[in-house]
Amino acid sequence: MGKILEALLTEQIHVDSGTEGRSPEHQALCEKSNELQKQLAETLNDKQKAILKEIEETNFEESCCCEQAKFERGFRLGALIIAEIFFGQGTFL
């Protein structure tokens with residue numbers, strides 16, 4: 001098994017966004033979003049808070065699905081690029 005595949009298997013490296021650092025712009029947007037959600041929650045009654053929480057959870061799940069699809073597509077495109085390179089390697093040798 002290749003070293004990269006082994007590192008993925010043994011969780012020495014991860015492909016989730018939680019292991020990546022955020023840019024200052026991204027961090028500022030995350031903080032602003034959290035603050036706005038907190039402000040909104042303070043103005044809501046219990047039923048509305050429950051709905052807001054459900055919206056947040058649904059948005060998170062949708063985001064996870066989207067990120068997984070983007071990762072899979074990117075991985076497949078990368079594999080196709082590598083296959084294309086190997087197929088045409090005879091032109092360089």
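Residue pairs whose Cβ atoms lie under 8 Å apart, separated by 6 or more positions or on different chains, with the first residue in segment 35-61 and of a type in the set (S, T, N, Q) and the second open to solvent by less than 90 Å² (accessible area, probe 1.4 Å) and in a helix (DSSP H, G or I), are Gln37/Leu52; Gln37/Glu56.
Screening segment 1-50 for residues that are of a type in the set (D, E, K, R) and loosely packed, with under 10 Cβ neighbours inside 10 Å and picking the one that is modelled with the lowest pLDDT gives Glu11.
The values are calculated or read from the model by the stated rules, or taken from the named source; none is laboratory data. Everything quoted here is computed from the prediction, not taken from an experiment. FYI the Cβ positions are ideal-geometry reconstructions off the backbone, even for glycines, and counts take in every protein chain you see. Accessible surface areas use protein heavy atoms only, side chains included; no ligands, DNA or RNA. Shrake-Rupley method; radii C 1.70, N 1.55, O 1.52, S 1.80 Å.
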